[in-house]
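Q: Would you mind keeping the following structure in view while I ask a few things?
The values are calculated or read from the model by the stated rules, or taken from the named source; none is laboratory data. All values reported here derive from a predicted model rather than from experimental measurement. When we count neighbours, we look across all protein chains shown, and the Cβ atoms used for this are built from the backbone with ideal geometry, even at glycine.
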Amino acid sequence: MKDGLPRWLPAAVLLIPALVTHAQTTDPLPPETALATVSGAPTATEETFSISTSQDLVATFTDLQTPAALSGANVVVTQGASIVATTTLAPPATTATLSLPAAAGEYTLRVIGTPSATFGVGTFSVCVAPKASPTACIQDASLVGNITVQSAAADPTVSTLTTTLTVITGGTYTFTYADDQFPVALNVAPSLALFQGSTPIAAPIPASPAALALSPGTYTLFAIAQADPTAKAGLYGINITGPAGVAPLLSSAFPVGILGSPSQLDNPTAQSLTLKVTDFAFPAALASVSALVTSGGSSIGTASGGGSSVAITAPAGVLQVWSFGAARTDAGTYEIDLTSSSASLLQTATGVSNGSSLAYAFVSPKPLSAGTYSVTGNDFEFPAALQGLKFAAAQNATILQTASAAGTIDITATAAPVVLLVDAITPTNGNGMFDVNVQTKGSSPQIVFDATQGVSGSGVFTTRTINFGVSGNFDVTLADLKFPAQFANLALVLSNDGAVVEKVYGGGTFTFPATPGAYQLNFIAQPGTPASGGAAQYGLYGLQIVNSAPVVTLTASPTTVAAGAATTLTWTSANAISCTGAGGNFVGSQATGSGTLSLVVSATTTYTLTCTGAGGTGSKSVTVTATPATGSRGGGEINWALLGLLGLLAAARFKPSDFHD
């Protein structure tokens, strides 16, 4: 124990959901669910599985109590945009079950929870099995996972780590770990512990470098470190090497406190690189800014924000670039550039917020062509107007033009990426949204770079792009699934070319006319506090986008009848306000939703049902063939073969003598 900290403690790895772009189908976004997770919450476990044959299933959640019992857990199974079943593990119970009656199709299972306060990590299993055989787990639908803390809630300078090490070749392994002193030295140097299952192998691991004899098997490495109380950020590296010819078990750097994730790049060859840090002084100069390049768990070069360039010698392979900026009384922005003698390997820009003034920076993925452009900053005023919005455009680490309010500025650009810088002041209710974009000049301006961002003091903001392949009216539906609790705030705004198309707050459906192209779905989600208490860390919502044009079905039974007989028309309609029939005596207004009608068919006829609604028009046709009625001579053909046979039979009844006296 040192400075009140245990010598080891497990940690969480925060998973950030990737943005997904959906290709155009009949519906551009079929029903789905999404989990909003606040920063620092234990990572949720998610598993998607399919059940091909309808059957009654039961899912059993088991706390494996390794290394200690969980403090609690929630399990939810969804299908499409709806919840199918949920269950809660309430200690001292170690199992919880939920039922999936008549299960068929694709499902998503999610597990959220809280680990032991002492160990900070817990493991669990979920067995999905037939109800009649609850222990016969379906392999593709079952899983084993863990719940880990992200950091010590009482102290944001403390960060912990837990990771699995797999030893294939037994032998002596060397554990080398050190403070990278970025941006400043750690307050408490990293302390490591190694376990195999619940058995300690070395707790703590001796001072670096430490040699440990390891047998083949699976091990768990725990680590803890504390950042400087002023900077609240730090970094340390761990390298674990084994016998000759064996790949390192671990070689990586790990952040402490508020230090963010690194940018990662592939250095094609060992070479000299140039690292440069630029403080844009927008909207104000930063107190400090610096960058560090690491290879695996080793530091290879650092630079500060004075604008000068630093040469570093970098090995071939994957490099990580870490950055840190500290604001003064106002927010600020900065840029990191890593270049070789012939190419730019990395260009990133970052905003450093301070209080209600939140700073953002966006780098265009492609260089602009040299020429003049318009740059527009737009306050979406959703869910509320921002209290302030400033923006600027920069190239080659130099600001070209700034704006002190929402509006448009003109820039003359070179053939290089553009960096858009934004300073936004949060609304009084804590949530807002803006868009900043670059457009070509001329009579038909085109957007060449666009970024939309939520401004939130406490919520989770995400953006995803949906591509529409056809024109038409579409319904967008957002639903708060209230798991594990109703959202404190939930909002969706649909944007296109930097402008708001439609929006919804809390949940609901809106219809909009789409044209082919990309649209952005922007979410602000602030989880609510569960009824059982605890931190508001998760929220589950449903989402779908469907074509709102009327969908019509029309069938006839039978489809072939004798003339003068009847057929029955059966139809359904969705998204329809009115329907009209055509063909034969199927004319005029018809029922929406569903209907049946028996009709006499005198001749072959095509029947059509046309329905209209807010999303447009849809129609369906069916043809009924009429055949001659039985016994009818009209239109019939003479059966000459039958007449000939009758004639022969008649002739056979008479002899030639019958015609003489």
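Q: Would you mind telling me which numbered condition in (1) assigned by TED's automatic domain parsing to the domain that holds Gly616; (2) at negative phi; (3) touching a residue at least 12 places away in the same chain (Cβ under 8 Å) Gly528 fails?
A: For Gly528, the exception is condition (1).
Q: Output the residue which, of all residues in region 312-340 that are out of contact with any Leu (no Cβ under 8 Å at 6 or more places or on another chain) and at pLDDT below 95, is surrounded by the fewest Cβ atoms within 10 Å (Cβ to Cβ).
A: Top of the filtered list is Thr329.
Q: Which condition breaks for Ser116 when tested against (1) outside any strand (DSSP E or B); (2) in contact (Cβ under 8 Å) with a residue 40 or more places away in the chain; (3) surrounded by fewer than 17 Cβ atoms within 10 Å (Cβ to Cβ)?
A: It is condition (3) that Ser116 fails.
Q: Go through Thr440, Thr426 for me and flag whichever is within 30 Å of Leu338 (Cα to Cα) and among the hydroxyl-bearing types (Ser, Thr, Tyr).
A: Details: Thr426 fails: within 30 Å of Leu338 (Cα to Cα).
Being within 30 Å of Leu338 (Cα to Cα) and among the hydroxyl-bearing types (Ser, Thr, Tyr) holds for just one of Thr440, Thr426, which is Thr440.
Q: Among (1) modelled with pLDDT under 75; (2) within 30 Å of Ser548 (Cα to Cα), where does Phe654 come up short?
A: In the conditions (1) modelled with pLDDT under 75; (2) within 30 Å of Ser548 (Cα to Cα), Phe654 misses (2) alone.
Q: Return a yes/no flag: does region 119-140 have any residue that is touching a residue at least 40 places away in the same chain (Cβ under 8 Å) and within 21 Å of Gly542 (Cβ to Cβ).
A: No, region 119-140 contains no residue that is touching a residue at least 40 places away in the same chain (Cβ under 8 Å) and within 21 Å of Gly542 (Cβ to Cβ).
Q: Continuing with this model, one more query. If you go through region 168-180 one residue at a time, how many are touching a residue at least 60 places away in the same chain (Cβ under 8 Å) and outside any strand (DSSP E or B)?
A: Summing the residues that are touching a residue at least 60 places away in the same chain (Cβ under 8 Å) and outside any strand (DSSP E or B) in region 168-180 gives 3.
Q: Another question, then. What are the pairs with Cβ atoms under 6 angstrom where one residue, in region 356-371, is under 18 Å from Lys441 (Cα atoms) and the other, located anywhere, is of a type in the set (Ser, Thr, Tyr)? Sequence gap at least six, or different chains.
A: Ala370/Thr414
Q: I'd like to know if region 247-261 contains one or more residues that are closer than 29 Å to Phe175 by Cα, under 34 Å from the mean Cα position of the chain (by Cα) and of a type in the set (Val, Ile, Thr).
A: First pass over region 247-261, keeping only residues closer than 29 Å to Phe175 by Cα: 247-261.
Applying the additional criterion that residues be under 34 Å from the mean Cα position of the chain (by Cα) yields 247-261.
Right, trim to of a type in the set (Val, Ile, Thr) and you get 256, 258.
Yes, region 247-261 contains at least one residue that is closer than 29 Å to Phe175 by Cα, under 34 Å from the mean Cα position of the chain (by Cα) and of a type in the set (Val, Ile, Thr).
Q: Determine whether region 247-268 contains at least one residue that is in a strand (DSSP E or B), of a type in the set (Val, Ile, Thr), exposed (fewer than 14 other Cβ atoms within 10 Å of the Cβ) and in contact (Cβ under 8 Å) with a residue 12 or more places away in the chain.
A: Start the filter on region 247-268 by keeping residues that are in a strand (DSSP E or B), which leaves 250-257, 263-267.
Filter once more, keeping what is of a type in the set (Val, Ile, Thr): 256.
Cutting the leftovers down to exposed (fewer than 14 other Cβ atoms within 10 Å of the Cβ) gives us none.
No, every residue in region 247-268 fails to be in a strand (DSSP E or B), of a type in the set (Val, Ile, Thr), exposed (fewer than 14 other Cβ atoms within 10 Å of the Cβ) and in contact (Cβ under 8 Å) with a residue 12 or more places away in the chain.
Q: Okay, next question. Checking the condition touching an Asp or Glu at 6+ places or on another chain (Cβ under 6 Å), surrounded by 14 or more Cβ atoms within 10 Å (Cβ to Cβ), under 26 Å from Lys276 (Cα atoms) and touching a residue at least 60 places away in the same chain (Cβ under 8 Å), which residue from Ala392, Ala451, Ala397 passes? Write out each step before concluding.
A: On the way: Ala392 fails: touching an Asp or Glu at 6+ places or on another chain (Cβ under 6 Å); Ala451 fails: touching an Asp or Glu at 6+ places or on another chain (Cβ under 6 Å).
Residue meeting the stated conditions: Ala397.
Q: Residue check: is Leu161 under 22 Å from Ala203 (Cβ atoms) and modelled with pLDDT under 90? Full working, then the answer.
A: Numbers: under 22 Å from Ala203 (Cβ atoms): yes; modelled with pLDDT under 90: yes.
In short, yes.
Q: Ok, one more. Let me spell it out: the conditions are (1) among the small types (Gly, Ala, Ser); (2) under 52 Å from the mean Cα position of the chain (by Cα); (3) in a loop (DSSP other than H, G, I, E, B), and Gly595 meets all of them except one. Which number is the exception?
A: (3)
Residues are listed down the side, and each one gets a yes or a no for (1) in the same structural domain as Pro67 (by TED's automatic domain parsing); (2) touching a residue at least 60 places away in the same chain (Cβ under 8 Å); (3) more than 23 Å from Gly325 (Cβ to Cβ):
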{"site": "Asn187", "(1), (2), (3)": "no, yes, no"}
{"site": "Ala193", "(1), (2), (3)": "no, yes, yes"}
{"site": "Gly197", "(1), (2), (3)": "no, yes, yes"}
{"site": "Ala203", "(1), (2), (3)": "no, yes, yes"}
{"site": "Pro206", "(1), (2), (3)": "no, no, yes"}
{"site": "Ala211", "(1), (2), (3)": "no, no, yes"}
{"site": "Ser215", "(1), (2), (3)": "no, no, yes"}
{"site": "Gln226", "(1), (2), (3)": "no, yes, no"}
{"site": "Pro229", "(1), (2), (3)": "no, yes, no"}
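Q: Tell me which residues, restricted to region 412-434, are closer than 17 Å to Lys366 by Cα and part of a strand (DSSP E or B).
A: Just the residues of region 412-434 that are closer than 17 Å to Lys366 by Cα, to begin with: 412-421.
The answer is Thr412, Ala413, Val419, Leu420, Leu421.
Q: Out of curiosity, is Thr612 outside any loop (DSSP other than H, G, I, E, B), modelled with pLDDT under 95 and outside the structural domain of Asn473 (by TED's automatic domain parsing)? First the steps, then the outcome.
A: Working: outside any loop (DSSP other than H, G, I, E, B): yes; modelled with pLDDT under 95: yes; outside the structural domain of Asn473 (by TED's automatic domain parsing): yes.
So Thr612 passes the test.
Q: Conditions first: (1) touching a strand residue (DSSP E or B) at 6+ places or on another chain (Cβ under 6 Å); (2) of a type in the set (Gly, Ala, Ser); (3) at positive phi. Ala223 passes all but one, so which condition is the exception?
A: (3)
Q: Quick one: Asn431 ticks every box in (1) exposed (fewer than 13 other Cβ atoms within 10 Å of the Cβ); (2) at pLDDT below 95 bar one, so which box is it?
A: (1)
Q: If we scan region 255-270, do we find a residue that is over 26 Å from Thr402 (Cα atoms) and of a type in the set (Asp, Glu)?
A: The first filter runs over region 255-270 and keeps only residues over 26 Å from Thr402 (Cα atoms), leaving 255-270.
With the extra rule that they be of a type in the set (Asp, Glu), the set shrinks to 266.
Looking through region 255-270, at least one residue is over 26 Å from Thr402 (Cα atoms) and of a type in the set (Asp, Glu).
Q: Can I ask one more? Can Thr278 be described as modelled with pLDDT of 95 or more, farther than 16 Å from Phe182 by Cα, touching a Phe, Trp or Tyr at 6+ places or on another chain (Cβ under 7 Å) and in a strand (DSSP E or B)?
A: Numbers: modelled with pLDDT of 95 or more: yes; farther than 16 Å from Phe182 by Cα: yes; touching a Phe, Trp or Tyr at 6+ places or on another chain (Cβ under 7 Å): yes; in a strand (DSSP E or B): yes.
For Thr278, the condition - modelled with pLDDT of 95 or more, farther than 16 Å from Phe182 by Cα, touching a Phe, Trp or Tyr at 6+ places or on another chain (Cβ under 7 Å) and in a strand (DSSP E or B) - is met.
Q: Every residue in region 339-374 that is hydrophobic (A, V, I, L, M, F, W, C) and more than 30 Å from the chain's Cα centre (by Cα), please.
A: Of region 339-374, the ones hydrophobic (A, V, I, L, M, F, W, C) are 343, 345-346, 349, 352, 358-359, 361-363, 368, 370.
Across region 339-374, the qualifying residues are Ala343, Ala370.
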